[in-house]
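Read the figures in this text as sums done on the coordinates, not as results from a lab. Just so you know, these numbers come straight off a predicted model, no measurement behind them. Quick reminder, even Gly has a Cβ in these numbers, built from the backbone with ideal geometry, and neighbours come from all protein chains shown.
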Amino acid sequence: MQATLRLSIRECNTMTQIKMAARSGGVVTLKEEALKELAGRLRGKLVLPGEGGYDQARTIWNAMIDRRPGAVVRCAGAADVVRAVTFARDHDLVLSVRAGGHNIAGKAVGDGALLLDLTPMKSVRVDPARRTAWVEPGVTLGEFDNEAQAYGLATPLGINSTTGVAGLTLGGGFGWISRKYGMTVDNLVSVDIVTADGALRRASETENPDLFWAVRGGGGNFGVVTSFEFQLHSVGPEVLSGLIFHPQERAKELLPRYRRIVAEAPDELTCWVVLRKAPPLPFLPEAVHGTDVLIFAACYAGDMKDGETAVAPLRALGAPIADVIGPHSFAGWQAAFDPLLTLGARNYWKSHDFTELSEAATDVMLDYTGRLPTPECEIFIGHLGGAVNRVAADATAYPHRDSDFIMNVHTRWQDPAQDHACVQWARGLFEATKPHATGGVYVNFLGEDEADRLPGAYGANLARLAAIKAKYDPANLFRVNQNIAPKAA
C-alpha cells in the first residue's frame with residue numbers, strides 16, 4: 001500500500017486531487033476544493049510534494065528516515081495548528097507533527113500523512129523579573145539559550161543545541177544542569193495545547209491538571225503544544241565546564257574512582273562519561289586522533305571557585321591526555337557536542353537506565369567499544385540523580401526518578417551498506433548490558449523498532465496515561481509517536 005500511495009502522490013502535483021493515508025486504513029482522496037479551502041485559511045502555507053519547502057519539511061536529523069507526507073502545513077501560529085488538526089480529524093487523515101525533527105525514531109514524519117511543520121514558530125519571550133520564558137515549538141535549544149542567557153538565565157535542556165525544545169520537553173528532558181534544577185518537565189509551568197477536538201487549551205497545575213501531568217513526559221500523544229512556559233534559573237553566562245581525555249586502556253582503573261567521586265558530588269556538578277574514538281580536536285595530539293578514549297564531560301552549575309573544588313578530584317584522576325576544563329560560556333558548552341551530532345548521518349540508538357554504574361556493566365561497554373563499527377559510534381553515559389531523583393515517580397508522566405545513569409548507544413555511520421553491522425553492534429551491546437539495567441528507558445531514546453518497550457518507558461504511569469489519552473484523544477488522532485493507545489480507566 002505504501003508504494004502505491006507514494007506513486008499516487010507523485011502523480012498529483014496539479015492539485016486536482018491528492019491521495020493521503022487514512023487513519024482508518026487505506027487512502028483518502030482529497031479534492032482540490034478542500035485543499036484550497038484549508039490553504040486559504042492559513043497564515044502559514046500548505047505545501048504539496050514537489051513544491052518549495054516540501055523536502056525541507058520532511059528531512060529530519062536521522063538520515064535513515066526517508067518518508068514522504070501527503071501534504072505539509074507550515075504553521076505560522078496556533079490558529080494554523082487548530083485548522084490543520086481539525087482538517088486531519090474531519091478527513092480521516094493520518095497526522096504527524098514535526099518540531100525540531102531530532103527524534104531518533106523519526107516520528108515527526110509519516111508516509112502519506114498530513115505533516116504539521118512547526119519549525120516556523122520561533123518566538124521566545126523571556127521575563128527576567130519573573131524568571132520565566134514562553135517558547136514556541138519550533139525553537140531549538142540553542143535559540144532558547146541565546147535569549148535566556150542574555151539575562152544570565154537558563155532551564156534544564158539537552159546537550160545538542162540543534163535539538164527541538166518541544167520534543168525534548170514532552171519526553172521529559174535532561175541535561176547539564178538537571179542534577180541542580182531537575183528535569184525539563186520539572187521546570188514546565190504551563191502549556192498551550194491544541195487537542196484532538198480542535199480546542200486550544202491551557203494546561204497547568206490549576207488548569208486541566210490531568211492534561212498537564214500527561215504532557216510532562218507523555219510525548220506528543222495528547223495534542224500539539226503551541227507554547228511552553230518555563231521556570232528559569234540563574235546560570236552563567238559562564239560556567240566551569242569542559243572535557244578530560246584519558247586512554248581507554250585506563251578505563252577499568254579510572255571508572256571505579258569516577259563512581260566514588262560522583263556519588264559524593266554536589267548537585268551543581270554533573271559529569272558524563274563518553275567512550276569512543278578520539279575525534280580530531282585541535283587540543284589533542286595528532287597521534288591520539290582515532291584512538292580509543294575515555295572522556296569525562298563535566299559542568300558545574302554554580303560559583304566558579306566552588307566548582308574548582310568540586311571538579312578537583314576528577315582532574316586528579318591519573319595523567320590525562322588533555323584537560324580542557326575551564327570557564328566557558330554556558331550557551332557554548334550546550335553546543336559543545338554539536339560537531340559530533342550533525343544532520344545527515346544514519347543513526348540508530350539503544351538505551352538503558354541504571355541505578356548504579358556497576359563494574360560488570362562498564363566491562364561490557366568497554367568490550368563493545370573495543371570493536372566500534374565506525375569511528376562515529378560512541379557510548380554516552382548521562383549522569384543524573386540530585387534534584388531529578390527528589391521528585392516522586394508519579395508526580396509527572398516521566399517516572400524514572402530512581403535512575404542515576406542513562407546509557408545511550410549512539411550508533412552513527414554514513415554508508416547504507418553498513419546498516420546491518422551497525423544495528424547489530426548496538427543491539428548486541430544492549431542485550432549484554434540488560435542484566436545490569438533497571439528495565440526502564442527514557443522515551444526520547446526509543447528507536448523506531450521499540451514499541452514493545454513502552455511499558456519500560458512509563459512503568460506504573462502507563463495506565464493513567466492511557467486513561468487521559470482516552471479523555472482527550474479517544475480516536476487516537478495523535479498516533480505517529482511512541483503511541484499510547486487510549487484506554488478508559
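5 Å is the cut-off here: which amide hydrogens, built 1.01 Å from N in the peptide plane, fall below it relative to residue 321, excluding neighbours closer than 5 in sequence?
Result for residue 321 returns 245, 246.
Calculate for the chain the 222 nm mean residue ellipticity that helices alone would give, adding -39,500 (n - 2.57) per DSSP H run of length 4 or more and normalising by residue count, nearest 500 deg cm²/dmol. Don't skip to the answer; put the middle values down first.
Numbers: 15 runs with 135 residues, N = 489.
Taken over the chain, the calculation gives -8000 deg cm²/dmol.
Separation between the residue 150 and residue 343 pseudo-spin-labels, each 7 Å from Cα along Cα→Cβ, expressed in nm?
Each label point is offset 7 Å from its Cα along the Cβ direction, giving 2.4 nm.
Amide H neighbours of residue 281 under 5 Å, at least 5 residues apart or on other chains, H built in the peptide plane: list them.
Counting only residues 5 or more places away or on other chains, the set is empty.
Arrange 377, 299 by Cβ neighbour counts within 10 Å, fewest through most, would you?
Working: 377 24, 299 29.
The order, fewest Cβ neighbours first, is 377, 299.
For the range 238-452, build the charge dipole from Cβ charges (+1 Lys, Arg; -1 Asp, Glu) around the Cα centre, then report which of 446, 362, 251 sits farthest towards its positive end.
Value: 251.
Hey, can you grab everything whose amide H is under 5 Å from the amide H of residue 22? Only 5+ residues off in sequence or another chain; H modelled, so Pro and N-termini drop out.
Here 27, 28, 94 satisfy the definition.
For a footprinting-style exposure proxy, rank 383, 410 by other Cβ within 10 Å, fewest first.
Details: 383 25, 410 22.
Fewest to most other Cβ atoms nearby, the residues stand as 410, 383.
Residue by residue, what Karplus-based ³J(HN,Hα) values in Hz, rounded to whole numbers, does the range 17-22 have, using 6.51, -1.76 and 1.60 with θ = phi - 60° and x for Gly and Pro?
Couplings: 7, 8, 9, 10, 5, 9 Hz.
Using the crude model of +1 on Lys and Arg Cβ and -1 on Asp and Glu Cβ, and no other charge, please compute the dipole size for the range 23-73 relative to its Cα centre, in debye to 20. Mind showing how you got there, number by number?
On the way: 9 positive and 6 negative charges, 36 e Å.
I would put it at about 180 debye.
Length gain on complete extension for the stretch residue 129 to residue 392, per 0.36 nm per residue less the alpha carbon to alpha carbon distance? Don't skip to the end; give the middle numbers.
Values: separation 263, 0.36 × 263 = 94.68 nm, distance 2.94 nm.
The residue 129-residue 392 span can extend by a further 91.7 nm.
Just want the ordering: 176, 134, 425, from fewest to most Cβ atoms lying within 10 Å of their own Cβ.
Values: 176 28, 134 16, 425 21.
So the residues, fewest neighbours to most, are 134, 425, 176.
As I understand it, the dipole of the chain uses +1 on the Cβ of Lys and Arg and -1 on the Cβ of Asp and Glu, about the Cα centre. Which of 211, 400, 416 lies farthest toward its positive end?
211
Give the calculated FRET efficiency between residue 449 and residue 253 to the nearest 0.05, with a Förster radius of 51 Å applied to their Cβ-Cβ distance.
On the way: r = 37 Å, r/R0 = 0.72.
Calculated transfer efficiency: 0.90.
Kindly work out what percent of the DSSP beta bridges joining two residues of the chain are antiparallel, to the nearest 5.
Values: 73 of 81 bridges.
So the antiparallel bridges in the chain amount to around 90 percent.
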